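Each remark here refers to the structure printed beneath this line.
The values are calculated or read from the model by the stated rules, or taken from the named source; none is laboratory data. Source: prediction; values computed, not measured. Here the Cβ positions follow ideal geometry from the backbone for every residue, glycine too, while neighbour counts run over all protein chains shown.
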């Protein structure tokens, strides 16, 4: 099974992204549980795939958080600049 592409994760909506993160965390927990109870039969590559997918999803989530924060800061800077310009011209 090939590793998933980050492009696929970027195409998800915010709700789908949160759901995918929760599902992947649940899958990783189940894999750990199966390994601890010796129910996992030489499927160690599944750990790699789950961790890789979780990292991709969380990276996309963080990128979106930073983009939203940057937009907010730019909006604040614009309002401060507009207020400063108004007070100087008055």
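Being part of a helix (DSSP H, G or I), in contact with a helix residue (DSSP H, G or I) (Cβ under 7 Å, 6 or more places away or on another chain) and surrounded by 10 or more Cβ atoms within 10 Å (Cβ to Cβ): is that true of residue 69 here?
Against the criterion (part of a helix (DSSP H, G or I), in contact with a helix residue (DSSP H, G or I) (Cβ under 7 Å, 6 or more places away or on another chain) and surrounded by 10 or more Cβ atoms within 10 Å (Cβ to Cβ)), residue 69 does not qualify.
Cβ-Cβ below 8 Å, separation at least six or inter-chain, first residue in the stretch 19-34 and at negative phi and at pLDDT 95 or above, second surrounded by 13 or more Cβ atoms within 10 Å (Cβ to Cβ) and not in a helix (DSSP H, G or I): which pairs?
Pairs that qualify, where the first residue is at negative phi and at pLDDT 95 or above and the partner is surrounded by 13 or more Cβ atoms within 10 Å (Cβ to Cβ) and not in a helix (DSSP H, G or I), are 20/12.
Mind listing whichever residues of the stretch 1-16 are modelled with pLDDT under 90, surrounded by fewer than 13 Cβ atoms within 10 Å (Cβ to Cβ) and not in a helix (DSSP H, G or I)?
1, 2, 3, 5
Working only within the stretch 17-40, note down all residues that are loosely packed, with under 11 Cβ neighbours inside 10 Å and either touching a helix residue (DSSP H, G or I) at 6+ places or on another chain (Cβ under 7 Å) or part of a helix (DSSP H, G or I) (or both).
36
Report the residue count in the stretch 41-62 for those that are part of a helix (DSSP H, G or I) and loosely packed, with under 14 Cβ neighbours inside 10 Å.
Looking only at that region, the number is 6.
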